[in-house]
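Here is the structure we will look at.
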Amino acid sequence: MTASSLVTLATCNLNQWALDFDGNVQRILESCRQAKQRGASYRLGPELEICGYGCEDHFLENDTFDHCWESLAQLLEEGATDGLMCDFGMPVLHAGVRYNCRVICNNRKVLQIRPKTAMADNGNYREGRYFTAYSTPAGSSANFPEKHLLPTTFFDQFGQRDVPFGLYHLHCADGTTIGCESCEELWTPHASHIDLALRGVEIIGNGSGSHHELRKLSTRMELMISATRKCGGVYLYSNQRGCDGGRTYYDGSAMIVVNGR
């Protein structure tokens, strides 16, 4: 019988700017440095943190995706993921389709790309204009995962050609299980955390780009508290903070909820 593992988790608010790739990378690196300084082994960042949430029609340009991969390679090269599992947010062009994704990395290796399954298209949001909601293709499973071919620079720098792409979770060597839920999915009737909890996932990270609205923070907290009260486990929330070049203000409010508290 093995002893239970203790894990230190970190989340953050970042004031990222649309298309400020150099500045965004530096802020991400600083958040990773602080997470390591506090003994964390997992770090969660906001939605689309590498390019900034408010890129709008620049999400329709291939250059935006290329610069995101260049920025991710820089993060790995500069040691952001050395000894720290990082959940980054960035857009990914997969099989000719644009997806809003979580990219999980550890020790200079991309472990998984997890695409968003529900688009925010109400109020200030127009995600459906830029991205497609992901659904698992027929024939794809944990034994035969869909693969994403990484840019050639990743093979040259890190010796990695491809990475699993889809709705998977990570099972660590010590038995810890980690999954992703992305922003809008928390607000849907069939939220992703339900299936993850039923599969035994203990830690769920939600990287968001959620703007300020009166009483919205209370609703967010109610959703996360309810999720962990009925399913158990740890729920991490990360958000953008401030403005990113548009008229929307993001209110941060990063938090960690454990077993309904």
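The values are calculated or read from the model by the stated rules, or taken from the named source; none is laboratory data. As the structure is a prediction and not an experimental result, all values here were calculated from the model. Glycine also receives a Cβ, built like all others from the backbone with ideal geometry; neighbour counts cover every protein chain displayed. Side chains included, ligands, DNA and RNA excluded: accessible areas come from the protein's heavy atoms. Shrake-Rupley method; radii C 1.70, N 1.55, O 1.52, S 1.80 Å.
State whether the residues of the range 215-238 include one that is of a type in the set (Ser, Thr, Tyr), in contact with a Leu (Cβ under 7 Å, 6 or more places away or on another chain), touching a residue at least 24 places away in the same chain (Cβ under 8 Å) and within 16 Å of Asp87 (Cα to Cα).
First pass over the range 215-238, keeping only residues of a type in the set (Ser, Thr, Tyr): 218-219, 226, 228, 235, 237-238.
Filter once more, keeping what is in contact with a Leu (Cβ under 7 Å, 6 or more places away or on another chain): 238.
Pick out the ones that are also touching a residue at least 24 places away in the same chain (Cβ under 8 Å) and you get 238.
So of that shortlist, the ones also within 16 Å of Asp87 (Cα to Cα) come out as 238.
Yes, the range 215-238 contains a residue that is of a type in the set (Ser, Thr, Tyr), in contact with a Leu (Cβ under 7 Å, 6 or more places away or on another chain), touching a residue at least 24 places away in the same chain (Cβ under 8 Å) and within 16 Å of Asp87 (Cα to Cα).
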Is it true that some residue in the range 174-186 is closer than 25 Å to Ser31 by Cα, at pLDDT 95 or above, touching a Gly at 6+ places or on another chain (Cβ under 7 Å) and in a loop (DSSP other than H, G, I, E, B)?
-> yes
Residues satisfying the stated conditions in the range 109-134, i.e. open to solvent by 50 Å² or more (accessible area, probe 1.4 Å) and either at pLDDT below 95 or more than 17 Å from the chain's Cα centre (by Cα) (or both) | Asp121, Asn122, Gly123, Asn124, Arg126, Arg129
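Name the residues in the range 11-28 that are of a type outside the set (D, E, K, R) and either assigned to a loop (DSSP other than H, G, I, E, B) or out of contact with any Cys (no Cβ under 9 Å at 6 or more places or on another chain) (or both), would you?
Of everything in the range 11-28, those that are of a type outside the set (D, E, K, R) and either assigned to a loop (DSSP other than H, G, I, E, B) or out of contact with any Cys (no Cβ under 9 Å at 6 or more places or on another chain) (or both) turn out to be Thr11, Cys12, Asn13, Leu14, Asn15, Gln16, Trp17, Ala18, Leu19, Gly23, Val25, Gln26.
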Go over the candidates Thr64, Thr81, Thr11 one by one and state the one that is touching a residue at least 60 places away in the same chain (Cβ under 8 Å) and among the polar types (S, T, N, Q).
-> Thr11
Quick one: in the range 99-122, which of the residues that are part of a strand (DSSP E or B) and basic (Lys, Arg) is farthest from Gly54 (Cα to Cα)?
-> Lys109
Give the residues of the range 14-51 that are in contact (Cβ under 8 Å) with a residue 24 or more places away in the chain, closer than 22 Å to Phe65 by Cβ and among the small types (Gly, Ala, Ser), sorted by residue number.
-> Ala18, Gly45
